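The values are calculated or read from the model by the stated rules, or taken from the named source; none is laboratory data. Predicted, not measured: the structure shown is a model, and the values here were computed from it. Here the Cβ positions follow ideal geometry from the backbone for every residue, glycine too, while neighbour counts run over all protein chains shown.
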């Protein structure tokens with residue numbers, strides 16, 4: 001059973017009483033879903049052992065995309081699908097776009113309006129600079145993943161792009177970047193990104209634009225780029241957070257009525273650290289990262305866009321032949337069925353005996369679920 005879910009069950013009602021009026025509909029749904037996850041509230045199955053007769057119960061998961069106890073199988077499926085898009089023999093780069101602190105409050109309070117602008121501005125800036133013949137002069141393959149957190153769960157929206165270190169030139173040839181430490185110069189990329197966020201915010205949401213301090217548009221914005229080898233390790237890192245928020249259940253060291261203690265790694269030194277938060281502060285930080293329902297936190301551009309899939313497959317074959325490497329598999333991966341539980345006494349695979357219904361209405365808990373609940 002999820003440790004984070006246990007915190008939400010123990011503290012959820014008091015949190016709603018104190019702060020419910022400030023929560024969005026999506027945040028209320030996450031509160032209910034995580035509290036109900038893997039409990040009789042969502043129903044489940046009674047299993048029996050055909051060998052010794054032992055009986056156990058398993059309860060359904062909430063399926064919410066923010067839940068740390070759900071989504072592992074879907075994350076592995078996503079990872080397998082993305083690995084099939086990798087180009088053999090190509091060095092990948094991780095390009096990360098962040099926004100200044102003074103803009104983060106606007107993004108946090110208006111995620112449905114502001115987050116698409118971050119995607120549009122960063123992707124167009126990166127694609128246009130890559131098309132520029134003074135830099136790459138070609139169309140790369142890009143996968144973008146939104147993160148909104150620091151390792152202490154503070155709000156810090158940023159977009160990671162896994163990008164090929166080369167692209168398809170207008171003449172149909174594969175062209176490698178001439179840089180070794182970055183894909184394109186971040187000194188050129190940063191002001192383009194800043195200008196496009198400014199222009200898109202002013203065009204689409206003028207009231208939000210007026211609320212942003214003018215100084216934001218005159219300061220340096222941080223864009224970071226680094227090579228990440230063949231891309232497999234970077235994909236594995238991104239996959240961990242596709243179907244959950246920053247904190248894994250295993251990071252929770254202790255939780256009681258007074259405090260929640262969790263471990264994290266300092267981003268500057270790489271050293272392990274411990275955070276201690278009051279339970280309601282922990283829940284507040286966790287709920288900061290609830291995305292609007294239906295919002296896509298992963299997007300594909302350039303050669304990774306679905307309309308370019310044929311070009312991508314031809315490039316994979318060409319590069320595999322050039323580098324004498326195997327082609328990535330093309331068969332679509334499938335989500336494996338969940339294995340039955342094993343008897344705690346004799347280690348025999350158990351058989352389902354009775355399916356029982358939820359002890360309360362499930363609609364609210366599943367309103368933002370990703371796919372059907374699974375035992």
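Below, the figures for the structure above:
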read-out	value
Number of the condition not met by residue 183 [criteria: (1) buried (at least 22 other Cβ atoms within 10 Å of the Cβ); (2) within 22 Å of the chain's Cα centre (by Cα); (3) outside any helix (DSSP H, G or I); (4) at negative phi]	(2)
Failed condition for residue 173, given (1) within 30 Å of residue 63 (Cα to Cα); (2) modelled with pLDDT under 95	(1)
Candidates 43, 5, 63 - the one that is at positive phi and buried (at least 22 other Cβ atoms within 10 Å of the Cβ)	63
Filtered residue count, the stretch 161-176, keeping only those that are surrounded by fewer than 20 Cβ atoms within 10 Å (Cβ to Cβ) and in contact with a helix residue (DSSP H, G or I) (Cβ under 8 Å, 6 or more places away or on another chain)	1
Subset of the stretch 322-367 (residues that are in a strand (DSSP E or B) and at pLDDT below 90)	356
Qualifying position, being at pLDDT 95 or above, over 21 Å from residue 242 (Cα atoms) and either out of contact with any helix residue (DSSP H, G or I) (no Cβ under 8 Å at 6 or more places or on another chain) or buried (at least 18 other Cβ atoms within 10 Å of the Cβ) (or both), among 112, 105	105
Residue count for the stretch 197-219, restricted to those that are touching a residue at least 12 places away in the same chain (Cβ under 8 Å), surrounded by 15 or more Cβ atoms within 10 Å (Cβ to Cβ) and part of a helix (DSSP H, G or I)	7
